[in-house]
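Bear in mind these aren't lab numbers, they're just calculated from the coordinates by the rules spelled out. All values derive from a computational prediction rather than experimental measurement. Neighbour counts run over all protein chains shown; Cβ positions are idealised from the backbone, glycine included.
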Amino acid sequence: KYGLHFLDVIQRFANEHDLVSLMHEKPSKKERKEKSSQSIASKKVDTKIETFHLYKEGKTVAEIAAARSLTSGTIESHLAHFVSMGEIKIEELVTREKIVIIEPALETYDKSLGLTPLKEKLGKDVSFGEIRLVLAWKQFEQTASVSNT
């Protein structure tokens, strides 16, 4: 809106004071490549796959987190993806005792409220990661039962 007005004032000042522009000597900025949303999404998939491969090599969640400089929660989220796809059995990551505690609480789980109310209900003996993993397993069970009918 005011750009042309400012430019006009600057040009008049430069002319009145015999100032010469040195803009042509300034190096031009390199163009930035824009990251496509597709490449960002593929990197997220790659990071999950990398976690999956390390898990299949026999590494624990803590070992994978340390090796990849990520939190255990992030690693559990990656592994939950593969639990929901049926690639990893829930019992490999969550004990039967914890599953028995978490599963009934999911019946009253309201996804719109997030995991915190569920975590508070279950107490300190159950982690957010374990809840996410059991949710992923239930999702897999639902998908499997729908495809079998």
Original post:
If you average the sequence gap of Cα pairs under 8 Å that are 6 or more apart and divide by the length of the chain, what percent do you get for the contact order?
Top reply: 21
**OP:** Quick one: how many lysine pairs does region 42-147 have with C-alpha atoms less than 21 Å apart and a gap of 8 or more or different chains? Give me the count, please.
**Re:** 22
Original post:
Relative to the longest principal axis of the chain, what angle (0 to 90°, nearest 10) does the C-alpha long axis of helix 3-16 take?
Top reply: 40
**OP:** Please give the calculated 222 nm ellipticity per residue for the chain, where each DSSP H segment of at least 4 residues contributes -39500 (n - 2.57) and the sum is spread over every residue; nearest 500 deg cm²/dmol?
**Re:** -19500 deg cm²/dmol
Subject >> Cut-off of 10 Å, at most 15 other beta carbons, DSSP loop: longest stretch of the chain lacking such trypsin sites (Lys or Arg not before Pro) >> reply: 36-88
Subject >> Cut-off 14 Å between beta-carbons: net charge of the residues surrounding Lys59, Lys and Arg +1, Asp and Glu -1 >> reply: -3
Subject >> Cleavage-rule hits, GluC sites (Glu not before Pro), region 67-102, DSSP coil, Cβ neighbours within 10 Å at most 14 >> reply: Glu87
Original post:
How far, in degrees from 0 to 90, does helix 128-147 lean away from the longest principal axis of the Cα atoms of the chain, to the nearest 10?
Top reply: 80
Original post:
What is the dipole size for the chain, taken about its Cα centre, with +1 at each Lys and Arg Cβ and -1 at each Asp and Glu Cβ, in debye to the nearest 20?
Top reply: 300
